[in-house]
Amino acid sequence: MSEEPPQSYEAAAARVEEIVRRLDSGQAGLRETLELVREGRALIEFCAGELDAVSGDLEELRLDELVARLESEHGGAA
Amino acid sequence: MADTPPFPSEVPVEGSELPGPYAVGEYAAALREKLRGFARVQLVGEVANLRPPTRARVYFELRDAGGAIACAMWRNDWDRLGALTATLADGAQVIVAGGCDYYPGSASASPAFSFSVSTLRVAGEGDLLAQIEQRRRALDADGLLERQRALPRALLPRTIGVVCGETGKAREDVLAGLARRGWAGRLVWAFTPVQDRHAAPLIGAALRELAASGEVEVIVVARGGGSLTDLLAFSDELLCRTVAMLPVPVIASIGHHTDRTLLDEVAAVSCSTPTHAAEEAVPLNCVDARLGLAVAARRLRDDARDGLIARARLLTALSRAPAAHVARHRRALHQSLRELRAASRRLAGDERARTLVRAGTLARCRDAAIRDCSVRRPAELERLRLALAAHDPERTLARGYALVEDAAGEPVTTAVAARAAGHLRLRFADDAVSASVEEG
């Protein structure tokens with residue numbers, strides 16, 4: 001079982017597919033089944049969070065605004 | 001100028017190995033002659049800094065990504081171009097014919113180099129395509145056509161950069177494409193000119209800034225349709241080299257699907273419309289993905305429940321197993337007992353029948369034996385007694401015969417045996433006498 005947080009949506013989605021395939025095979029024991037289900041739920045939550053991040057209101061800004069924001073953030077950090 | 005013959009003004013200077021010093025005017029005049037001696041050629045490039053015609057001359061520059069050269073036309077040559085002079089402007093791709101020239105200036109006038117243009121024409125599509133092809137080969141030779149395609153692309157980017165004209169339709173199309181994906185993340189617009197000679201450097205600068213921000217995960221470069229000349233900025237070699245070296249994938253949608261610019265060649269993906277480019281920037285359909293997640297979550301839940309139920313059933317079955325096992329064996333034992341009893345009954349019956357048969361046989365044997373002893377055997381005995389009596393030698397002796405025996409009592413039945421025995425015994429019916437053999 002992978003305890004590392006997923007790096008990306010695609011990595012998480014691919015792992016969920018893998019988990020479902022393993023469970024569907026019927027070869028997983030009880031302990032493994034419970035661990036896989038727990039991992040799968042966490043990954044699905046991660047994926048749902050990623051989808052939520054791009055499912056609200058579209059945020060539009062100009063390049064110069066982005067640059068100014070980044071500069072102020074870096075300035076604030078400094 | 002080592003092959004330049006000595007000038008009349010040459011006055012040797014001690015302490016220097018170089019020729020001269022020459023009078024500058026004479027040197028400038030010689031330089032002009034030298035430059036005019038260069039072969040006359042055609043040049044292709046973009047018109048820049050076209051200045052209003054003076055009474056005698058028209059000045060402009062010819063540029064491309066690699067360099068520039070100052071050009072000058074005599075006014076009468078310019079006027080012969082006719083209607084073209086009214087439309088010619090900065091940014092036009094032209095082909096000029098002429099040769100190098102040099103104005104040596106004077107004590108009161110500055111010198112100037114120029115390419116003296118005798119004729120000029122706007123570059124045709126064939127000229128431009130040949131030029132683009134030449135650049136494409138140069139990019140390919142440097143391995144720049146594949147770099148972007150090798151970059152990984154996020155399935156679900158959170159921030160997307162878009163380079164396009166501020167007023168064009170491309171902007172709306174990009175938004176429509178993102179809406180079709182159900183995507184509503186952060187969109188960073190970089191509005192730039194998308195035509196004319198200023199476009200390419202500004203597009204390149206916007207791309208560099210977007211990539212340098214570290215925020216955007218993919219960049220869309222979009223422009224609507226136009227002529228080959230209109231789209232020429234997107235075949236700028238420097239811009240294409242910039243795109244090729246970016247660490248962020250660029251998705252290009254330049255012109256219509258029939259148009260093909262060099263940017264399309266170097267980009268990670270080339271799309272026929274800005275809408276498709278936006279969809280390509282977000283490979284995941286967010287609506288479908290949500291449904292897919294719900295399905296996956298349900299399957300996980302079902303798998304967990306089914307797994308638990310199956311194992312609970314197994315455990316229940318296992319807990320009942322010993323009782324079931326005993327009951328199964330008890331039934332089997334009862335059955336065996338029943339079969340054993342039945343078999344025993346069958347066996348006893350058979351044995352009884354066999355015993356009765358044997359008893360009958362024995363009774364018959366007994367009866368036969370009784371008959372044998374009481375009737376048949378006495379008769380047979382009598383018959384044998386009579387037969388034996390018939391052969392008794394005593395009866396023969398009684399009739400007057402004698403039996404000759406040797407000393408041992410053995411019968412002597414031949415003369416030879418009698419001689420050999422010497423002494424004989426003659427046994428009669430009433431008594432026996434001794435006798436000796438005498439040969440007479």
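The values are calculated or read from the model by the stated rules, or taken from the named source; none is laboratory data. As the structure is a computational prediction, the values presented were derived from the model and not from experiment. Note that each Cβ is placed from the backbone with ideal geometry, even for glycine, and that neighbours are counted across all protein chains shown.
Taking the criterion of being under 29 Å from the mean Cα position of the chain (by Cα) and in a loop (DSSP other than H, G, I, E, B), the residues of the stretch B:239-296 that qualify are B:P247, B:V248, B:P249, B:A267, B:A268, B:C271, B:V282, B:P283, B:L284, B:N285.
Might you check whether a residue that is farther than 12 Å from B:A296 by Cβ, touching a residue at least 12 places away in the same chain (Cβ under 8 Å) and facing another protein chain (nearest Cβ under 8 Å) occurs anywhere in the stretch A:11-24? Steps first, please.
Pass one, the stretch A:11-24, residues farther than 12 Å from B:A296 by Cβ: A:11, A:22.
Filter again for touching a residue at least 12 places away in the same chain (Cβ under 8 Å), leaving A:22.
Those left that are additionally facing another protein chain (nearest Cβ under 8 Å): none.
Within the stretch A:11-24, not a single residue is farther than 12 Å from B:A296 by Cβ, touching a residue at least 12 places away in the same chain (Cβ under 8 Å) and facing another protein chain (nearest Cβ under 8 Å).
B:L202 - would you say it is within 14 Å of chain A (Cβ to nearest Cβ) and part of a loop (DSSP other than H, G, I, E, B)?
On the way: within 14 Å of chain A (Cβ to nearest Cβ): yes; part of a loop (DSSP other than H, G, I, E, B): no.
Against the criterion (within 14 Å of chain A (Cβ to nearest Cβ) and part of a loop (DSSP other than H, G, I, E, B)), B:L202 does not qualify.
Of the residues making up the stretch B:153-180, those that are within 9 Å of chain A (Cβ to nearest Cβ), in a loop (DSSP other than H, G, I, E, B) and out of contact with any strand residue (DSSP E or B) (no Cβ under 7 Å at 6 or more places or on another chain) are B:L155, B:L156. Filter the stretch B:167-188 for residues that are surrounded by fewer than 20 Cβ atoms within 10 Å (Cβ to Cβ) and either modelled with pLDDT under 90 or touching a Cys at 6+ places or on another chain (Cβ under 9 Å) (or both) and give the result. Passing the criteria: B:T167, B:G168, B:K169, B:R171, B:G182, B:A184. Restricting the stretch B:205-225 to residues that are in a loop (DSSP other than H, G, I, E, B) and on the phi < 0 side of the Ramachandran plot, the residue that is farthest from the other protein chains (Cβ to nearest Cβ) is B:G225.
Of the residues in the stretch B:94-116, not one is buried (at least 18 other Cβ atoms within 10 Å of the Cβ), within 60 Å of the chain's Cα centre (by Cα) and part of a loop (DSSP other than H, G, I, E, B). If you go through the stretch B:77-84 one residue at a time, do you hit one that is surrounded by fewer than 17 Cβ atoms within 10 Å (Cβ to Cβ) and part of a strand (DSSP E or B)? No, there is no match, as no residue in the stretch B:77-84 is surrounded by fewer than 17 Cβ atoms within 10 Å (Cβ to Cβ) and part of a strand (DSSP E or B).
A search for C-beta distances below 8 Å between a residue of the stretch B:288-317 that is at the interface with chain A (Cβ under 10 Å from one of its Cβ atoms) and any residue that is of a type in the set (D, E, K, R), counting only pairs 6+ apart in sequence or on different chains, returns B:A296/A:E17; B:A297/A:R41; B:R299/A:D24; B:L300/A:R41; B:D303/A:D24. Residues in the stretch A:35-78 that are over 30 Å from B:L202 (Cβ atoms), surrounded by 12 or more Cβ atoms within 10 Å (Cβ to Cβ) and within 7 Å of chain B (Cβ to nearest Cβ): A:V37, A:G40, A:R41, A:I44, A:C47, A:A48, A:E50, A:L51, A:A53, A:S55.
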